[in-house]
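One structure below.
No value in this document is a laboratory result; all are computed from the given coordinates. Just so it is clear, the structure is predicted and the values come from calculations on it, not from any experiment. So basically every Cβ, Gly included, is an ideal-geometry build from the backbone, and we count neighbours across all protein chains shown.
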Amino acid sequence: MATTERDYYEVLGVDRGATDADIKRAFRSLAREIHPDVSDAPGADGRFREVAEAYEVLSDPARRATYDRFGHAGLRRRGFRPAYADFGNVADIFAAFFGEDLFGTSGPMRRESARGGDVQALVEVDLEDAFTGTSVELGLEIAEGCERCESSGAEPGTGAVTCPTCQGAGVVRRVSRNVFGEFVSQRTCPQCEGAGESLEAPCSSCGGEGRVVATHRLNVDIPAGIHDGQRIRLRGEGHSGFRGGGAGDMYVAVRVRPDPRFVRDGDDLHTAARVTMADAALGTTVRTPALGGDLEVEVPPGTQPGEVRRIERQGMPSLQGKQRGDLFVRLDVAVPARLTDEQRLLLEEFDRHTTEDAYAREDEDEGFFRRLKSALR
């Protein structure tokens, strides 16, 4: 039984007077919507099993009558057990109920040429490469189409014959009977692996797979402004498909190495410039690192420790357009750590002739803690 005992009519979205055709139509619609093969919704597998169980009960007149009179308890007393427990996966339920696949196509279920798998790769670039954009060469082991058999899997001059085990269906079915009825389960044919046909002579290069593993080299363009951890999708650069199927994609994850000169915040860059106590008091010009070349930053007289200068459009380029972020330069005021006797005397003399007015600022009323928060931001 399902883990929760919801009303079966509610599960299928039909009323208690629904006809057999209404119940079948509701199950078909729900199965195509919530089947785990087509739905990425969390819990799709459990939801599909619940819907399949509801249909199994309501589509059988005897079980439906028992359920209508006695509910779930009545079914349990009569030994009801959901048929999906006898199947390898929930897709088999659909075929067993209707003799068709999930989307209503009757007849054999064969494994045709299938799309190849995706490939994951990782590249590392410097921040300067992320600033200008660059190209990186990759060499990866991937499955490529076999040239000898032209991806068919058959030795040149030979072909394929109908699989004698499944007679071309691609699946083998097993019918089991018990007191509750007849159940049909099916599995992928073990001989042809769902292809429905066997090769007369497998290709000597690929062993019948239609593809071989080889080193694949390609250049990956890294766009300017890319962020650490972003991925680049290269369509058709993944593994080749089974016996001529389309190739998968390649996903390249980009790792941007940290640069000791900068801290990146989105498209903005943060750096620091050191000025002496005297330069901060008197004013000066300092050079600061920037991507694309050093810049000069004006340090006005009376600059305080931790003040930040913003230089517009000197940050990272934006992936979404031609805009650039800003460069923020934090000014670190260096205080002498070692003084000669003469220097100490000069500073003491300076201090004796300096009043509090010399340290006053126009924004002094802003408050110390507010200025502290501003500096930290």
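Only the Cβ atoms of Lys and Arg (+1) and of Asp and Glu (-1) were treated as charged; on that basis the dipole of the range 211-330 about its Cα centre amounts to roughly 720 debye. Among LEU30, LEU269, LEU234, the order by Cβ neighbours within 10 angstrom, fewest to most, reads LEU234, LEU30, LEU269.
In the range 217-304, taking the dipole from charged Cβ atoms about the Cα centre, the farthest positive-side position among SER240, PRO260, ALA272 is held by SER240. Once you have a ≥ b ≥ c as the square roots of the Cα gyration tensor eigenvalues for the range 192-280, tell me rounded if a/c is under 1.5, and otherwise prolate or oblate according to whether a/b is larger than b/c. In terms of gyration-tensor shape, prolate.
Summarising the label geometry, the points placed 7 Å from Cα in the beta-carbon direction at SER318 and GLU298 lie 2.7 nm from one another.
In what sequence, highest mean first, do 64-75, 334-345, 41-52 appear when ranked by Cβ atoms within 10 angstrom?
On the way: 64-75: 14.8, 334-345: 9.2, 41-52: 17.4.
The packing order, highest mean first, is 41-52, 64-75, 334-345.
How long is the gain from ASP326 to TYR251 if the chain were fully straight, where each residue apart is worth 0.36 nm and the alpha carbon distance is subtracted? Walk me through the numbers before you get to the answer.
Numbers: separation 75, 0.36 × 75 = 27.00 nm, distance 3.03 nm.
Full extension of this stretch gives 24.0 nm more.
The simple spin-label model puts a point 7 Å past each Cα toward its Cβ; for GLU193 and ALA114 those points are separated by 0.8 nm.
Considering only PHE350, PRO300, PHE328, the residue lying farthest towards the positive end of the dipole of the range 263-376 is PHE328, judged by Cα position with unit charges set on Cβ.
The charge dipole of the range 119-253, taken about the Cα centre with unit charges on the Cβ atoms of Lys, Arg (+1) and Asp, Glu (-1), comes to about 1000 debye, rounded to the nearest 20. For the pair VAL161 and TYR359, label points projected 7 Å from Cα toward Cβ lie 10.0 nm apart. Note on LYS24, LYS322: ascending count of other Cβ atoms within 10 Å places them as LYS322, LYS24, the fewest first.
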